[in-house]
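The values are calculated or read from the model by the stated rules, or taken from the named source; none is laboratory data. Keep in mind that what you see is a predicted model, and the values were worked out from it rather than measured. Using ideal geometry, Cβ is built from the backbone for each residue, glycine included, and neighbour counts are taken over all protein chains shown.
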Amino acid sequence: MADHPWGRDVLDYCIGPNGTDDFFKTYFEKKALIVSRDEPDRYKDLLSVAKIDTLLASRDFHGDDLDMARAEPQISREQFVLSNGFADRGSVANLYQEGATLILPQLHQADLGLKSFCRAMEAIFSSHVQTNIYLTPPNNQGFRTHYDDHDVFVLQVEGEKLWRLYDQSVDKPYRGEGFNPDHVQPGDLVEEFVLKAGDCAYVPRGLMHDAQAQGASDSLHITVGMIVKTWADLMLEAVSEVALRHPEFRQSLPPGYARADFDRSIAQAHFDTLVKKIGEEADMEGAFDLFVDNFIRSRPPYSEGAITGRGGSTIPGAKFRLRPNIPWRLAEDENRLVLITAGGELIFPSAVEAGLDKVLDGEEIDLSTFEAAGEEEAQKALNQLFGYGVVERVG
């Protein structure tokens, strides 16, 4: 991980030299940040136009894994997706020649470098991080003016793109609250800038914007999307836990509540009682722990080296350490330990607690670290940690 330029400090890789503290204080979920720098090769390790060309030539893309867009005239999926559901390479090439933007959504699921980058970002934000790839021919535009329902970092990999930001926005729209051009108009243009190769922009959700490739070269950028959990999500979970304990939350609304002559006074009194109960019993800690555990479990295990490194945990004297950016939480369950990590839960006997503490503290370990549990349990513990990608070989 550290061998990648983003492995040392992924947020600095995106927005440096702007400081992380200033970003979260001044920009995050508030306003756009534009970072211009004369480093055209800054993001070359993540992707390239040549790599996309190779991907399209060598892989059969399903229609869900490839999309195309053009501001005018617009494109329908029938123009580039075959009846069997796969993308038509010839049509994709022709539409691209005619000015359409090529989109590869969720490419991080198939590319190890992008996946590693997303893991590093997830470790900072504790949110699902996704990538969408946009390749646009010179002087063309993929989308009309719009806003996104999630915050994004835009990494300009090759070429240039002209961006425009508008004064009309929706403050922190809900996830899934799709943009409707009939409901929100762009307003006045407030900022215009060009992202060149190696530049980055942070655009908070709800901010109206559009972008157009310019210059003589194809424009390639990576949109890094942050799918966050909100306080509303946490509050709903806390209320749900209160409702599980008190059946009065689960009783039906009064019969006839939709009638025009319905008297709401009794309903208001019951509602006020429930609100008071929430105030008395809502438990942030329980809901928070659930969100933490759900996030960690939802991350896929880091399986790089699972085939080539088979048997690595059984090599005498082999050293291991905690893999960077692996999420975890250690919990106790009666006489055993539960390590909640990417991919689920790993169960250990309590005798390996001292060894696990060393692992999670970042110390180098070997098989003898778990010797208090006995030879068989020690090997089993190391096998689990190595097999699920929690630890990696040193050297």
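Any chance you could count how many residues in region 83-102 are surrounded by 13 or more Cβ atoms within 10 Å (Cβ to Cβ) and either over 22 Å from residue 217 (Cβ atoms) or under 26 Å from the mean Cα position of the chain (by Cα) (or both)?
Looking only at that region, the number is 7.
Kindly evaluate residue 145 against the criterion of being farther than 24 Å from residue 33 by Cα and of a type in the set (Val, Ile, Thr).
No; evaluated as a whole, the condition is false for this residue.
Residue under question is residue 251, and the condition is that it be assigned to a loop (DSSP other than H, G, I, E, B) and surrounded by fewer than 13 Cβ atoms within 10 Å (Cβ to Cβ); does it hold?
yes
Those residues that are under 19 Å from residue 135 (Cα atoms) and in contact with a Ser or Thr (Cβ under 8 Å, 6 or more places away or on another chain), I need them from region 106-122; list them, please.
Those that are under 19 Å from residue 135 (Cα atoms) and in contact with a Ser or Thr (Cβ under 8 Å, 6 or more places away or on another chain): 106, 107, 108, 114.
Is it the case, given these coordinates, that residue 317 is small (Gly, Ala, Ser), in contact with a Phe, Trp or Tyr (Cβ under 9 Å, 6 or more places away or on another chain), part of a loop (DSSP other than H, G, I, E, B) and farther than 20 Å from residue 126 by Cα?
no
Given the condition at pLDDT 95 or above and of a type in the set (Ser, Thr, Tyr), answer yes or no: does some residue in region 55-73 qualify?
no
Is at least one residue of region 209-224 more than 27 Å from residue 13 (Cβ to Cβ) and either polar (S, T, N, Q) or touching a helix residue (DSSP H, G or I) at 6+ places or on another chain (Cβ under 9 Å) (or both)?
Within region 209-224, not a single residue is more than 27 Å from residue 13 (Cβ to Cβ) and either polar (S, T, N, Q) or touching a helix residue (DSSP H, G or I) at 6+ places or on another chain (Cβ under 9 Å) (or both).
Yes/no matrix, rows are residues, columns are (1) touching a helix residue (DSSP H, G or I) at 6+ places or on another chain (Cβ under 7 Å); (2) among the aromatic types (Phe, Trp, Tyr); (3) exposed (fewer than 13 other Cβ atoms within 10 Å of the Cβ):
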site: 14; (1), (2), (3): no, no, no
site: 19; (1), (2), (3): no, no, no
site: 23; (1), (2), (3): yes, yes, no
site: 28; (1), (2), (3): no, yes, no
site: 31; (1), (2), (3): no, no, no
site: 36; (1), (2), (3): no, no, no
site: 39; (1), (2), (3): no, no, no
site: 46; (1), (2), (3): yes, no, no
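Hey, does region 361-380 have a residue that's farther than 23 Å from residue 334 by Cβ, among the acidic types (Asp, Glu) and crowded, with 19+ Cβ neighbours inside 10 Å?
no
Let me spell it out: the conditions are (1) under 21 Å from residue 210 (Cβ atoms); (2) under 24 Å from the mean Cα position of the chain (by Cα), and residue 75 meets all of them except one. Which number is the exception?
With (1) under 21 Å from residue 210 (Cβ atoms); (2) under 24 Å from the mean Cα position of the chain (by Cα) applied to residue 75, the lone miss is (2).
Among (1) under 24 Å from residue 289 (Cα atoms); (2) not in a loop (DSSP other than H, G, I, E, B), where does residue 221 come up short?
Failing condition for residue 221: (1).
Could you list all residues from region 339-360 that are surrounded by fewer than 17 Cβ atoms within 10 Å (Cβ to Cβ) and touching a Phe, Trp or Tyr at 6+ places or on another chain (Cβ under 7 Å)?
Across region 339-360, the qualifying residue is only 360.
With the condition being hydroxyl-bearing (Ser, Thr, Tyr) and in the same structural domain as residue 120 (by TED's automatic domain parsing), I'd like the helices (runs of 4 or more DSSP H) fully within region 1-91 carrying at least 2 qualifying residues.
It comes to 49-58.
Only one of 326, 340, 296, 278 is part of a helix (DSSP H, G or I), within 22 Å of the chain's Cα centre (by Cα) and among the hydrophobic types (A, V, I, L, M, F, W, C); which?
Result of the check over 326, 340, 296, 278: 296.
Name every residue in region 356-371 that is closer than 13 Å to residue 321 by Cβ and not aliphatic (A, V, I, L, M), in order of residue number.
If the condition is that a residue be closer than 13 Å to residue 321 by Cβ and not aliphatic (A, V, I, L, M), then 358, 361, 362, 363, 364, 366, 369 are the ones that fit.
Only residues that are at pLDDT below 95 and either of a type in the set (A, V, I, L, M) or in a loop (DSSP other than H, G, I, E, B) (or both): list them for region 108-119, please.
110, 111, 112 - these are the residues of region 108-119 that are at pLDDT below 95 and either of a type in the set (A, V, I, L, M) or in a loop (DSSP other than H, G, I, E, B) (or both).
Within region 18-53, restricting attention to residues that are without any contact (Cβ under 8 Å) to a residue 12 or more places away in the chain and not hydroxyl-bearing (Ser, Thr, Tyr), which residue is nearest to residue 109 (Cα to Cα)?
Checked region 18-53; the qualifying residue nearest to residue 109 (Cα to Cα) is 51.
Suppose we filter 170, 184, 190, 152 for residues that are surrounded by 19 or more Cβ atoms within 10 Å (Cβ to Cβ) and either out of contact with any His (no Cβ under 6 Å at 6 or more places or on another chain) or not assigned by TED's automatic domain parsing to the domain that holds residue 214 (or both); which single one remains?
Among 170, 184, 190, 152, only 152 is surrounded by 19 or more Cβ atoms within 10 Å (Cβ to Cβ) and either out of contact with any His (no Cβ under 6 Å at 6 or more places or on another chain) or not assigned by TED's automatic domain parsing to the domain that holds residue 214 (or both).
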